[in-house]
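The values are calculated or read from the model by the stated rules, or taken from the named source; none is laboratory data. Just so you know, these numbers come straight off a predicted model, no measurement behind them. Backbone-built Cβ (ideal geometry, glycine too); neighbour counts: all protein chains shown. Just the protein is used for accessible areas: all its heavy atoms, side chains included, with ligands, DNA and RNA removed. Shrake-Rupley method; radii C 1.70, N 1.55, O 1.52, S 1.80 Å.
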Amino acid sequence: MKISGAQAFIKCLQEQGVDTIFGFPGGAVIEIYDELNKTDVIKHVLVRHEQAAVHAADGYARVKGEVGVALVTSGPGATNTVTGIASAYCDSIPIVVFTGQVPTQLIGNDAFQEVDIVGITRPCTKHNYLVKKPEDLVPTIREAFHIARTGRPGPVLIDLPKDVVGAMINFPEMKQVKMRTYRPTYEPHPGQVEKACKAILKAKRPVIYAGGGVVLSDANEELTALARKLNIPVTMTLMGLGGFPGTDSLSMGMLGMHGTYYANMAVAKSDLLISVGARFDDRVTGRIDAFAPDAKIIHIDIDPSSISKNVKVDIPIVADCRHALAAMNTWIDRKIDPADHGGKTAAWLEKIAAWRNKHPLAYKEDGDVIKPQFVVEKLHELTGGEAIISTEVGQNQMWAAQFYHFNHPGSFLTSGGLGVMGYGFPAAIGAQMAAPDRTVIDVAGDGSIQMNIQELATARQYGCPVKIAILNNGYLGMVRQWQELFFDKNYSATPLDVSPDFVALAQAYGGVGLRAKTKSEVEPVIREALKTDNVVIMDFVVSREEGVYPMVPAGKATTEMLLV
Amino acid sequence: MRHVISVLLQNKPGVLSRVTGLFSGRGFNIESLSVAQTIDPEVSCLTLTTKGDDMIVEQITKQLHKLIDVIKVTDMNETESVEREMAIIRVKAEAGTRAEVLRIIDIFRGKVVDVSPKSYAVEVTGPASKLKAVIDILRPIGIQEIVRTGVISMSRAKKS
């Protein structure tokens, strides 16, 4: 029996285990929306801007550990997804974005709402497709999900011409996707594993540098086992937070531009750097020739193009992080008794403890003025460290990363690579859809929250009790901080002279608005928010010119930190 | 350093632009490019030449591998290979030089493919060094136009 392309689309999603999609309708996808409204197997979440659909799918994917899906129309619907796709690409998040397209016979004719979205997104997707024949629809969707979720995950876009979706087709049987040209390497090379393990056992000052790959491959347990077995200190990138328990005594927190003093010092003085699923980003390395100058470097990554891209690697292991770490743990367990070996790094850990005592992660109190870091600490305390935290981008993002000590993977959602202001709130909505019983908090700035504030309506419509904590300093704070430090306090275009009354704004959408102006009001506001079963904006009026420290100025060595 | 990179890829629309996009997106120039179907109609072979230090070329090679539609990437600098390029050169050929042009072309085993009262168009095939030599020799006589195919390259078969 033949079914329509739109029906096949829904059947395909079901087959892939998708139960929630984020989207916004339009002429080119109206056939799909017609079918969506007739089925209850897939929940469609109507966002208020297409960018938010992609961020929500991204947040959903990170929390659920499955492929997130967005559906938008052609033309502007498609172009509005580009930022979200580029962000997911930088952060290796598995999503599939479906865009409508004008009918095939009109493609290339400058038709109404026509845009070459496959061309536009070619450099920011893992792969993309224009489906030109109805019989290709189902195999393409299956291949897209396979590509999105395997190897180094990433966004895949499928452009669906209106006539393809409208055509009648036979629904082909599900077969395992086999691709001639795409076979990611999961298993590590045993010889490389052995080399790496020998280097680790020999090292006197080893450091584990864990990135987003640890979170994406669920390698946290294997990583924790390795670190604890040999007492190796661990530092994490922004994307790696949660990949190792932040409250563990071996955790040095984040490294890099706003990393801790002790993490940056430890990396700089290490003799072995064990990089797991990280990519030596410039925000991590600072001046590249001064990054871990005395260290031998082991690099585990599923993407061979990450290896030796920025820093020359001594022992590369191309593999899934979890598989590689498991193999290393097995090798080490066979060779040595960890009880004899665990004390080998004692002097090194003491040295790190001394750095930590000298310059702990800290901020200065200021009477009853609310310090933004204090708000994040209180959020941690009052949620028991168990909330899912999303962030916008800028100071709010860094304070959340520094002061909410993440213990679990998938609990910190941030646009790490692309740095998208406006990511956090829609991502939080997606996260809340994926985990209805968890507390989800978007740590935001008064600037970035306004980039997707319209999603308050989405949160209300679907009963998403996301909590937004605005660290309101009346500035585009991170740029202001750079202007303060490097441009003689020439605050060009960073003061937000006009902002909405966020409390009233929340109420206007039918949500709850709360405000704290003094330190003593912070806790009651958070408590009130946490027990509210509705979307809440907490407007924290914080000290205006607080900076994020430590800070490595761009282009400097990571040991040249500006401290509190 | 000049590198000749050979890429086997799926013969599908848009694939070439994925490859060239990798170069333009990183600000690298492609010096020559040649693409055509292989013995398998579903597969094309693309040969390109580019300049860059080894780390850049290694990165390009890895990025090419990463493209879903790419089957195989070979840096021909790392293997023994046969390299060829063809040029059609229109050279001034008037009363005093017509015979000389023919002699030169003969030395390079080229042939005349178009004749007019004042010029010859000649076809020459060979590695890039040979084309350079013939162009250098013809230049004083007066080259009016050159069209080149770009390099193609094939690995030599194992001898044993």
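Once you compute Rg and the Kirkwood Rh from C-alpha atoms, what is the Rg to Rh ratio for region A:90-184? With Rg and the Kirkwood Rh in hand, the quotient comes to 0.98. What's the center-to-center distance, using Cα atoms, between region B:64-135 and region A:44-80 in Å? Their Cα centres are 53 Å away from one another.
Antiparallel as a % of all DSSP beta bridges within region A:2-170, to the nearest 5? About 10 percent, rounded to the nearest 5. Expressed in units of 2.2 N^0.38 Å, where N is the residue count, the Cα radius of gyration of region B:2-79 is 1.01.
With the biggest extent put first, the Cα atoms of chain A measure 72, 59, 42 Å across the principal axes. Taking 22 Å as the straight-line reach from the Cα of A:Lys296, the lysines in range (excluding those fewer than 8 positions away in the same chain) are A:Lys195, A:Lys198, A:Lys202, A:Lys204, A:Lys229, A:Lys269, A:Lys309, A:Lys312, A:Lys335, A:Lys344, A:Lys351, A:Lys556.
How many percent of DSSP beta bridges within the protein assembly as shown run antiparallel, rounded to 5?
45 percent
Counting only Cβ charges, +1 for Lys and Arg and -1 for Asp and Glu, the dipole size of region A:190-358 around its Cα centre is about 540 debye. Counting, for every residue in B:12-21, the Cβ atoms of other protein chains within 10 Å of its Cβ and taking the mean gives 2. By a straight-distance test (C-alpha under 15 Å), which aspartates and glutamates pair with B:Lys158 as possible cross-link partners, with residues fewer than eight away in the same chain excluded? Correct list for B:Lys158: B:Glu78, B:Glu80.
Any idea what the relative contact order of region A:1-64 is, in percent, if you count C-alpha pairs under 8 Å spaced at least 6 apart?
37 percent
Per residue, the accessible area of the protein assembly as shown comes to 42 Å² when a 1.4 Å probe rolls over the protein heavy atoms. For the listed peptides A:453-465, A:165-177, A:43-55, a ranking on the average number of other beta carbons within 10 Å per residue, highest first, reads A:43-55, A:453-465, A:165-177.
Each residue was assigned an accessible area with a 1.4 Å probe, and for A:Trp399 the value is about 10 Å². On the principal axes of its alpha-carbon atoms, region A:223-345 has extents of 39, 30, 27 Å, going from largest to smallest. Mind running the shape call on chain B? Use the C-alpha gyration tensor, a ≥ b ≥ c as the square roots of the eigenvalues: rounded below 1.5 for a/c, prolate if a/b tops b/c, oblate otherwise. Since a/c reaches 1.5 and a/b is larger than b/c, the shape of chain B is classed as prolate. Apolar share of the accessible surface for region A:229-386: 50 percent from carbon plus sulfur atoms, 1.4 Å probe. For the residue pairs A:Lys64/A:Lys175; A:Lys38/A:Lys132; A:Lys2/A:Lys38; A:Lys371/A:Lys517; A:Lys64/A:Lys467, the alpha carbons lie more than 21 Å apart in A:Lys64/A:Lys175; A:Lys38/A:Lys132.
What does the charge count near A:Pro409 come to, summing +1 for each Lys or Arg and -1 for each Asp or Glu among other residues with Cβ under 15 Å from its Cβ? Summing Lys and Arg as +1 and Asp and Glu as -1 gives -4.
If you sort the three axes of the alpha carbon gyration tensor as a ≥ b ≥ c, you get a/c of 1.5 or more for region B:82-155 and a/b above b/c, which makes it prolate.
Quick one: with all protein chains in place, what share of the accessible area of region A:68-163 is carbon or sulfur, to the nearest percent (1.4 Å probe)? That share works out to 54 percent. Of the peptides B:72-81, A:23-32, the order by per-residue mean of other Cβ atoms within 10 Å, starting with the highest, comes out as A:23-32, B:72-81.
The mean number of Cβ atoms from other chains found within 10 Å of a Cβ in peptide A:306-318 is 1, as a whole number. For chain B, find the longest principal axis of its Cα atoms and tell me its angle to the long axis of helix B:54-66, 0 to 90°, nearest 10. Taking Cα atoms only, the helix is inclined about 60 degrees.
Based only on Cα atoms, what mean projected area does the convex hull of region A:478-564 have, in nm²? Its average projected convex-hull area is 8.0 nm². Taking the average, over residues, of other Cβ atoms within 10 Å as the packing measure, peptides A:440-447, A:190-197 rank A:440-447, A:190-197 from highest down. Only beta bridges with both residues in region A:468-564 are counted; by DSSP, about 15 percent of them are antiparallel.
Taking N as the number of residues in region A:316-425, what is its Cα Rg relative to 2.2 N^0.38 Å?
1.46
Counting only aspartates and glutamates at least 8 places from B:Lys66 when in the same chain, those with an alpha carbon closer than 14 Å to its own are A:Asp301, A:Asp303, B:Glu58.
Here the accessible area of region B:2-79 is 53 percent carbon and sulfur, with a 1.4 angstrom probe and all protein chains present.
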